[in-house]
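Trainee: What follows is a structure written as structure tokens; I'll ask about it next.
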Amino acid sequence: MAGAIDPLRGPCLHWADMRPPKGVSGRDPSRWLMTAAVLTVAAVSFLAFRGTLGHEFVSWDDDVYVYENPAFTNLSSARVAWLLSSFYYYAYIPVTLLSHTADVLVGGMDPRQHHLTNVLLHAANSAWVLLLGWVLLSRSGAVGPAGSARSRASAIAGMGIAAVLFAVHPLRAESVAWVSDRKDLLCAFFSLPAAIAYLVYSSRRGKARAGRWLAASFALFVLAILSKSTAVAFPLVLVILDWWRGRDGAGRLREKLPFVLVAAAIAALSLALAPHTTPSYSVSHISGVEWLLFPFYSLAFPLYKTLLPLHLSPIYPRVGSEGMWLGLAAVAIVTGGAALLARRGRRAPLAAWLVYLVFLLPNIAGLGSGAQPVADRYSYLSTISLYLLLGAGIAAAWGSGAVARRGAAAIGGGALIVLLLGLAIPQASQWRSSVSLWEFVVTTFPATRDYTDAYVNLGVAYEQAGRRADALRVLEKAFSTDPANAKVLHNLGMISYLDGNRQRALECFRRETEVDSHPAQAYFNRALAAESLGLHDEALASMVQAARLGSKDAQEALNSRGIPWERATP
């Protein structure tokens, strides 16, 4: 069919092949069309999340990374050097910390500056998706000879629609509206052009200056992996790209050795630094064969939420064995179908699916930030390959020459964009403050142990907002559903103490010392509460125990009174 686009086969084109041949006008309309498309994608991405510029910080890691970060208390060159050379919060992410430093230098602790950077990064990433899609189609032969204006326009239209769909999907809300997820935004910001640079190098391999493109790809990869360790999957992505283009081989593997060495080093360091804590409640019930099934649920979850983006939440509940089996079935069906297409010469679906899987594997292996087994933010980088595959399909329909197909692609894509925007804007608005975020979770989902953290976070947010009565009410509710939760006991004890209910506080701290795996602070608080009630013996014993467990405050308090507390073992 004249003008049809097949993103799966065709000759490999060089960068120069996209220029008009001699004798053809040097004014290439596709360049203007591409410029307009890039600007449009970036503008739509920015406008979709413009409302977040008025948001506050949330008391969920924003304190750790930004407004209570000790390096930003008295910002100096020495503190910046420490951020760049040290591991922070169980990870080595100097590029991410440097971006937060830049925000502090420009706007201080005004959250508008930090949110602006997030929105700008997302707009840039959406434009990168379009450009990467264009390069993939041009390298597959889908973009016809330089004179084929239809194939060029079709490729830009298809990938432009796909890029906007990626940009406005409600799953993006968590990554864009949450300052602390700067990691994913930066990781994508460097990974996407790194892939583009590698594709250009691959098409120019053996020619003059081709090595510069490989060096650029490597440099961008290093920046990506120093933004978030999820980028350890990038060398595998390069292997998949080579396989898709039919250019795998021993030489191709050797040139990726620097990528592999850096990825292996960061992976080893991240795993060594990972905190050794008890499993989160959402996976604490898993046993036996379910440990083998649960990763498939984690792999299928972003795909499921991409197709049906409803009931999104910063915290998701535990899943039963039925969900795990469904996850296994979904992964098996998609993998089998894509493999069957690959055997028939259509490699793109399997390549896109494999890239999706390998970008999720670091989170399953514990290299991602946080202890959550599933989260909206895990979809940010992993699903891009699926949008690119969709873009290739839209481009094929657009370039088929049939007006009906082109119209259906335009109307369908436009309707879907509007629908997703209608879901993304209110989803992002839930992140406008700590109170709004956790009120949304608490009022939307049932009061079960799955959402204990939401109740604790809401209680803390209420206390910080001066709403102590509401804080006590929420934490009492959390206690009724999860009475052995150390975080619930700690916060309920603290707020009860501040509210003057010292007996309630002491009861909470006593219970906390029994259930907390690191009870030094609990013993210290217990000592203060007991002392305030005149229970001097209990107060002294608790203070000594806190000192022996490593509480610096307890050690200083006892030393100031000349009370010995040292002992070889607590």
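The values are calculated or read from the model by the stated rules, or taken from the named source; none is laboratory data. Every value quoted in this text rests on a predicted model; they were computed, and no experiment measured them. We place every Cβ from the backbone using ideal geometry, glycine too, and count neighbours over all the protein chains shown. All accessible areas refer to the heavy atoms of the entire protein, side chains included, with ligands and DNA or RNA removed. Shrake-Rupley method; radii C 1.70, N 1.55, O 1.52, S 1.80 Å.
Trainee: If you take the Cα Rg of region 203-345 and divide it by 2.2 N^0.38 Å, with N the number of residues, what do you get?
Mentor: Ratio of Rg to 2.2 N^0.38 Å for region 203-345: 1.34.
Trainee: Tell me the volume per residue, in Å³, of the convex hull enclosing the alpha carbons of region 355-501.
Mentor: With only Cα atoms used, region 355-501 gives 129 Å³ per residue.
Trainee: May I pose another question? Only Lys, Arg, Asp and Glu count, each charged at its Cβ (+1, +1, -1, -1), so figure out the dipole size of region 324-418 about its Cα centre, rounded to 20 debye.
Mentor: 400 debye
Trainee: Right, here's the next one. What is the distance, in nm, between label points placed 7 Å from the Cα along the Cα-to-Cβ direction at Ser480 and at Leu261?
Mentor: Inter-label distance under the simple model: 6.1 nm.
Trainee: Run lengths n ≥ 4 of DSSP H only: what is the helix-derived mean residue ellipticity at 222 nm for the chain, with -39500 (n - 2.57) per run over all residues, to the nearest 500?
Mentor: Mean residue ellipticity at 222 nm (helix-derived): -21500 deg cm²/dmol.
Trainee: Could you tell me the calculated FRET efficiency between Trp32 and Arg252, based on Cβ-Cβ distance and R0 = 51 angstrom, to the nearest 0.05?
Mentor: Approximately 0.90, to the nearest 0.05.
Trainee: Continuing with this model, one more query. From the residues Ala268, Val289, Asn125, which one has its Cα farthest along the dipole of the chain in the positive direction, the dipole being from +1 and -1 charges on Cβ of Lys/Arg and Asp/Glu about the Cα centre?
Mentor: Value: Asn125.
Trainee: May I pose another question? Over region 31-109, what is the relative contact order in percent, taking alpha-carbon pairs closer than 8 angstrom and at least six residues apart?
Mentor: Reported as a whole number, the value is 21 percent.
Trainee: Taking N as the number of residues in region 411-570, what is its alpha-carbon radius of gyration divided by 2.2 N^0.38 Å?
Mentor: Expressed relative to 2.2 N^0.38 Å, the Cα Rg reads 1.38.
Trainee: Modelling each spin label as a point 7 Å along the Cα-to-Cβ direction, I'd like the Leu341/Tyr304 distance in nm, to one decimal.
Mentor: Spacing of the two 7 Å Cα→Cβ label points: 2.2 nm.
Trainee: Cα to Cα, under 17 Å, and not fewer than 8 places away if on the same chain: which aspartates and glutamates meet these conditions relative to Lys228?
Mentor: Asp61, Asp62, Glu174, Asp181, Asp184, Asp376
Trainee: Not counting ligands, DNA or RNA, and with a 1.4 Å probe, what is Trp325's accessible surface area in Å² rounded to the nearest 10?
Mentor: Accessible area, nearest 10 Å²: 140 Å².
Trainee: Hey, got the dipole for the chain? About the Cα centre, +1 on K and R Cβ, -1 on D and E Cβ, debye to the nearest 20?
Mentor: It comes to approximately 3180 debye.
Trainee: Another one. Measuring with a 1.4 Å probe in the full set of protein chains, what accessible area per residue, in whole Å², belongs to region 429-570?
Mentor: Result: 49 Å² of accessible area for each residue.
Trainee: Which value does Rg/Rh take for region 524-570 over its C-alpha atoms, Rh per Kirkwood?
Mentor: The Rg/Rh ratio comes out at 0.95.
Trainee: What are the equivalent ellipsoid semi-axes of region 402-443, built from the alpha-carbon gyration tensor (square roots of five times its eigenvalues), in whole angstrom, biggest first?
Mentor: 36, 7, 4
Trainee: Evaluate the distance, in nm, between pseudo-label points positioned 7 Å from the Cα of Ala43 and of Trp243 along their respective Cα→Cβ axes.
Mentor: Label at Ala43, label at Trp243, 4.1 nm between them.
Trainee: How large is the Kirkwood hydrodynamic radius of the chain, counting all unique pairs of alpha carbons, in Å?
Mentor: Answer for the chain: a Kirkwood hydrodynamic radius of 26.0 Å.
Trainee: In whole percent, and with a 1.4 Å probe on the protein chains, what portion of the accessible area of region 97-243 is carbon and sulfur?
Mentor: C and S atoms contribute 70 percent here.
Trainee: In square angstrom, what is the accessible area per residue of region 67-148 with a 1.4 angstrom probe?
Mentor: So region 67-148 comes to 39 Å² accessible per residue, rounded to a whole number.
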